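Participant: Sending over a structure as structure tokens; questions will come in a sec.
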């Protein structure tokens, strides 16, 4: 019977990192609790709600919201899109290839 060690698998995924206004950020470990908290930020809010987007970014990075308050909304949106795209890049690649 095949055997797979998922402890080793976790090491295959690189952290999601980005630089914003000269500061490096790393997305926290993507746990169920963290993703529920991120979803909670959007509950009952408009899709384009900048405050919700800033809250999500702060939660994902473990940073204070004030670090992102003065950013252009387009930058915040781009960063969140980058994070989303890199959560499961292998799946995105498969979808693009039509597999």
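The values are calculated or read from the model by the stated rules, or taken from the named source; none is laboratory data. Since the model is a prediction, treat every value here as computed from it, not as a measurement. No Cβ is skipped: glycine too gets one built from the backbone with ideal geometry, and neighbour counts run over all protein chains shown.
Participant: When the residues of region 28-53 are filtered to those that are over 13 Å from residue 83 (Cα atoms) and assigned to a loop (DSSP other than H, G, I, E, B), which remaining residue is nearest to the chain's Cα centre (by Cα)?
Facilitator: It comes out as 31.
Participant: Let me confirm something: among 92, 64, which residue is at pLDDT 95 or above and in contact with a helix residue (DSSP H, G or I) (Cβ under 7 Å, 6 or more places away or on another chain)? So that I can check it myself, show each step before the final result.
Facilitator: On the way: 92 fails: at pLDDT 95 or above.
Going through 92, 64 in turn, just one is at pLDDT 95 or above and in contact with a helix residue (DSSP H, G or I) (Cβ under 7 Å, 6 or more places away or on another chain): 64.
Participant: Return only the number of the condition from (1) surrounded by fewer than 17 Cβ atoms within 10 Å (Cβ to Cβ); (2) not in a helix (DSSP H, G or I) that residue 25 does not satisfy.
Facilitator: Evaluating residue 25 over (1) surrounded by fewer than 17 Cβ atoms within 10 Å (Cβ to Cβ); (2) not in a helix (DSSP H, G or I) leaves (1) as the failure.
Participant: Given the structure, is residue 56 surrounded by 10 or more Cβ atoms within 10 Å (Cβ to Cβ) and assigned to a helix (DSSP H, G or I)?
Facilitator: Values: surrounded by 10 or more Cβ atoms within 10 Å (Cβ to Cβ): yes; assigned to a helix (DSSP H, G or I): yes.
Considered against the rule, which asks whether it is surrounded by 10 or more Cβ atoms within 10 Å (Cβ to Cβ) and assigned to a helix (DSSP H, G or I), residue 56 comes out as yes.
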